[in-house]
Ligand code: BDR
Ligand code: CA
């Protein structure tokens with residue numbers, strides 16, 4: 001079977017780390033490169049974390065460092081003021097509980113980043129391509145937004161974009177907004193209105209696709225360094241979700257970004273995918289960063305996003321485990 005060429009844009013991040021591992025291991029994906037962006041942590045951290053995961057895999061995957069700031073959002077400090085955000089960490093019995101530490105708890109990276117910036121890499125690679133590269137973006141969409149503005153010719157060269165971001169019934173960073181879109185809403189709106197084919201994997205789907213402690217333990221039993229690291233990331237995330245944002249299944253976590261990567265291989269792990277008009281609010285108010293799904297018929301503007309409203313949890317978790325098990329062949 002022909003592999004699908006992908007570039008994975010990440011803000012690594014515990015769930016990005018699992019997503020990178022899935023993208024690198026899955027036999028139907030040809031992971032050309034990783035591009036990093038600021039998001040879960042500043043870009044020096046997300047880049048170092050990305051290199052750490054590449055070293056853990058022992059694979060030769062080029063890493064390009066991307067944008068250090070959102071396109072616009074940080075120019076208006078009150079937009080992202082702490083008081084408007086859901087807590088991302090808590091202290092329990094003197095221990096700091098968080099979704100993502102500053103650095104992933106795996107050995108420091110020895111491999112190095114590429115010289116080119118992520119945006120230059122995206123532009124050059126897409127322009128030179130035969131239109132057969134899929135972008136998978138699981139962090140804020142800054143690199144894509146900047147690249148689209150810098151050289152719009154790349155837009156028609158992209159096969160499709162799979163994005164983890166947004167939410168209709170569910171928010172996480174604010175009551176209205178999901179983190180990746182909230183962090184850089186202007187970039188998200190540029191990408192959403194670019195005309196590219198987009199599959200959006202929002203919180204509505206990822207909060208169904210959770211992994212439990214028992215499933216994390218089953219991953220650990222695969223007993224490779226990669227599987228053990230994935231299980232460690234998962235356990236840390238479950239602890240954080242239980243403390244900060246309990247899921248419907250107690251003792252579970254959504255590895256959001258891994259769902260997007262595996263959905264790029266097999267969309268049938270998602271369900272209730274509907275073609276919708278989706279725009280991003282960037283007005284700075286209560287709905288700043290919200291993905292607004294237009295459910296009216298007809299809509300003012302044409303549909304632009306395939307929005308996954310749900311996911312088949314067990315099918316996803318099995319696919320995740322089967323993919324991680326391929327680390328035995330490394
Ligand atoms: C998204 O935000 C980040 O914290 C995660 O890595 C994921 O990409 C979930 O809202
Ligand atoms: Ca992410």
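The numbers here are math on the coordinates, done by the rules we state, and not lab data. What you see is a predicted model, and the numbers here were worked out from it, not measured in a lab. Neighbour counts run over all protein chains shown; Cβ positions are idealised from the backbone, glycine included.
Observations on the model:
- Region 191-207 and region 43-108 have Cα centres separated by 22 Å.
- Across region 164-310, the volume of the C-alpha convex hull divided among the residues equals 121 Å³ per residue.
- Neighbour counts of C-beta atoms inside 10 Å place 162, 43 in the sequence 43, 162, starting with the fewest.
- Here the residues 323, 253, 125, ranked from fewest to most Cβ neighbours within 10 Å of their Cβ, fall in the order 125, 323, 253.
- Extension gain, residue 322 back to residue 103 (0.36 nm per residue minus Cα-Cα distance, nm): 76.2 nm
- Within a Gaussian network of the chain (alpha carbon springs, distance under 10 Å), most fluctuating of 99, 64, 213: 213
- Per residue, the convex hull spanned by the Cα atoms of region 4-329 measures out at 127 cubic angstrom.
- Report summary: the helix-based calculation at 222 nm, which adds -39500 (n - 2.57) for every DSSP H run with n ≥ 4 and divides by the residues of the chain, gives -10500 deg cm²/dmol.
- Relative contact order of region 4-329, defined on C-alpha pairs under 8 angstrom at six or more residues apart (%): 20
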